[in-house]
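The values are calculated or read from the model by the stated rules, or taken from the named source; none is laboratory data. Model, not experiment: these values are computed from the prediction. Using ideal geometry, Cβ is built from the backbone for each residue, glycine included, and neighbour counts are taken over all protein chains shown.
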Amino acid sequence: MEIVAHFEIPYFQILNPVSQLVGALPDFAKNSDHLIQLYRAMVLSRVFDTKSIALQRTGKIGTYPSTRGQEAVFVGMGDAMAKEDVLVPYYRDTAALLQRGVTMAEILLYWSGDERGNCFACGGDDLPFSIPVGSQGLLAAGIATALKIKKEKRAVLTVCGDGATSEGEFYEAMNVAGVWGLPIVFVINNNQWAISLPRSAQTAAQTLAQKAIAAGFLGEQVDGNDVIAVRERVAVALSKARQQHVPTLIEVISYRQSDHTTADDASRYEPQGLRDTEWKNEPLGRLRLYLEGQGVWSALQEEKLQTDCMKEVENAVHTFSTIPLALPETMFDDLYETLPDAYAKQREQVRKDHE
Ligand SMILES: Cc1ncc(C[n+]2csc(CCOP(=O)(O)OP(=O)(O)O)c2C)c(N)n1
Ligand SMILES: [Mg+2]
């Protein structure tokens with residue numbers, strides 16, 4: 001017997017749960033302004049998150065998937081992207097989309113059931129939230145193929161959850177990325193749950209990162225509560241994608257500090273006390289403590305930041321609340337370039353009924 005292949009899955013952490021440096025500080029993190037910018041984005045994300053849940057509870061929006069506890073995942077990767085890269089997100093990617101220029105009002109509009117929330121005024125090629133679990137990987141692979149054919153030095157970043165990695169489309173996307181050498185980065189937000197299904201029941205694989213090995217490229221794990229590590233590893237992977245057309249899979253380890261969505265009640269299945277135990281790892285306090293230790297963050301700055309973020313969110317909620325309701329007949333729009341006759345008639349009927 002001989003061993004014909006040997007694989008390893010590395011794990012990256014730079015700032016540990018008690019805010020000590022355990023890895024080399026990347027260049028961007030030597031700039032405290034940059035770190036404060038990341039911290040600010042994470043705080044804004046959490047304030048927006050809390051408000052969105054309240055809006056759903058009071059009937060102002062239809063549903064909402066919380067990102068509580070996973071801020072470092074989305075802020076870190078959003079920050080690592082170049083403007084011209086393409087983001088192919090899933091429904092939990094709020095903070096990443098905010099960093100790409102999507103507005104909070106647009107996001108609230110979408111979660112109130114209005115498709116106009118998907119037409120980002122900031123333009124660009126980013127895709128809107130993807131709801132069908134696992135489907136976005138193939139869309140991302142398609143876009144990455146186009147970029148490669150057009151010889152554009154841009155990369156695609158696509159994100160999914162731990163549950164999505166059991167979907168066939170996830171494997172298909174990874175396979176084609178490997179065999180065609182696509183400029184793509186797959187990020188898995190492994191938040192330990194797929195609604196009520198725990199990670200342990202999702203797959204017998206030791207890591208999700210190792211799924212890349214079967215597709216012929218590297219997979220790695222990153223501490224998803226360490227925004228510095230997430231930002232750095234995603235930036236390295238994006239650069240490899242852009243420059244060498246080498247795909248990477250990054251399994252970011254986080255914890256869902258919330259129900260799956262506002263339609264869920266995790267107290268029915270989440271072991272009691274687990275969320276509190278995991279909270280010790282949450283990403284905001286970890287970075288704040290580090291910034292305080294560096295002497296670049298104070299209680300006064302914290303207070304101001306919280307107030308500023310609340311104001312920004314309140315303004316966005318106001319903007320959202322003043323957008324007139326979509327007309328019912330617009331549900332026929334944007335499905336076809338030219339609406340087939342039968343639907344055109346129905347559209348006209350709906351329009352008349354609501355005149
Ligand atoms: C194809 C498909 N199957 C089922 C669902 C219902 N569903 C919505 S979210 C979800 C769990 C996904 O979990 P995971 O991929 O871990 O992402 P997370 O929500 O935890 O971030 C399921 C089964 C769906 N939206 N699409
Ligand atoms: Mg999950």
Worksheet entry | Among the residues listed as Asp93, Asp114, the single one being surrounded by fewer than 21 Cβ atoms within 10 Å (Cβ to Cβ), touching a residue at least 12 places away in the same chain (Cβ under 8 Å) and on the phi < 0 side of the Ramachandran plot | Asp114
Response to the item:
Only unsatisfied item for Leu291, checking (1) assigned to a helix (DSSP H, G or I); (2) at pLDDT below 95; (3) surrounded by 15 or more Cβ atoms within 10 Å (Cβ to Cβ); (4) among the aliphatic types (A, V, I, L, M), is (2)
Worksheet item: For residues in the range 117-162 being surrounded by fewer than 21 Cβ atoms within 10 Å (Cβ to Cβ) and small (Gly, Ala, Ser), which is farthest from Glu84 (Cα to Cα)?
Response: Ser135
Item to complete: Run down Arg40, Arg46 and say which single residue is over 26 Å from Ala212 (Cα atoms) and surrounded by fewer than 18 Cβ atoms within 10 Å (Cβ to Cβ).
Response: Arg40
Worksheet item: Do you know which residues across the range 46-84 are of a type in the set (Val, Ile, Thr), within 26 Å of Phe12 (Cβ to Cβ) and assigned to a loop (DSSP other than H, G, I, E, B)?
Response: Thr67
Worksheet item: Of all residues in the range 192-229, how many are within 16 Å of ligand 2 (Cβ to nearest atom), in a loop (DSSP other than H, G, I, E, B) and in contact (Cβ under 8 Å) with a residue 12 or more places away in the chain?
Response: 9
Worksheet item: Hey, Lys151 hits all of (1) more than 16 Å from ligand 1 (Cβ to nearest atom); (2) under 18 Å from Thr261 (Cβ atoms) but one; which does it fall short on?
Response: (2)
Practice prompt. Please enumerate the residues belonging to the range 161-185 that are assigned to a strand (DSSP E or B) and more than 13 Å from ligand 1 (Cβ to nearest atom).
Written response: Ile184, Val185
Worksheet item: Within the group Val73, Val102, which residue is buried (at least 23 other Cβ atoms within 10 Å of the Cβ) and over 23 Å from Ala266 (Cβ atoms)?
Response: Val102
Practice prompt. Determine the pairs where a residue that is more than 12 Å from Leu208 (Cα to Cα), located within the range 149-168, has a partner that is within 16 Å of ligand 2 (Cβ to nearest atom) and part of a loop (DSSP other than H, G, I, E, B) with Cβ atoms under 7 Å apart, the partner being 6 or more residues away or on another chain.
Written response: Val159/Pro89; Val159/Tyr90; Val159/Asp93; Glu167/Val133; Glu167/Gly134
Worksheet entry | Conditions (1) more than 16 Å from ligand 1 (Cβ to nearest atom); (2) in a helix (DSSP H, G or I); (3) farther than 19 Å from Asn315 by Cβ; (4) touching a residue at least 40 places away in the same chain (Cβ under 8 Å); number of the one not met by His34 | (4)
Item to complete: Under 8 Å between Cβ atoms, at least 6 apart or on separate chains: pull out the pairs that start in the range 249-267 with a residue that is under 19 Å from Trp111 (Cα atoms) and more than 12 Å from ligand 1 (Cβ to nearest atom) and end on any residue that is at pLDDT 95 or above and among the small types (Gly, Ala, Ser).
Response: Thr262/Ser66
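Any residue in the range 105-112 that is among the polar types (S, T, N, Q), over 15 Å from the mean Cα position of the chain (by Cα), more than 27 Å from Thr262 (Cα to Cα) and more than 11 Å from ligand 1 (Cβ to nearest atom)?
Checking the range 105-112: not a single residue is among the polar types (S, T, N, Q), over 15 Å from the mean Cα position of the chain (by Cα), more than 27 Å from Thr262 (Cα to Cα) and more than 11 Å from ligand 1 (Cβ to nearest atom).
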Practice prompt. Identify all residues within the range 258-286 that are outside any helix (DSSP H, G or I) and acidic (Asp, Glu); write none if there are none.
Written response: Asp259, Asp264, Asp265, Glu270, Glu282
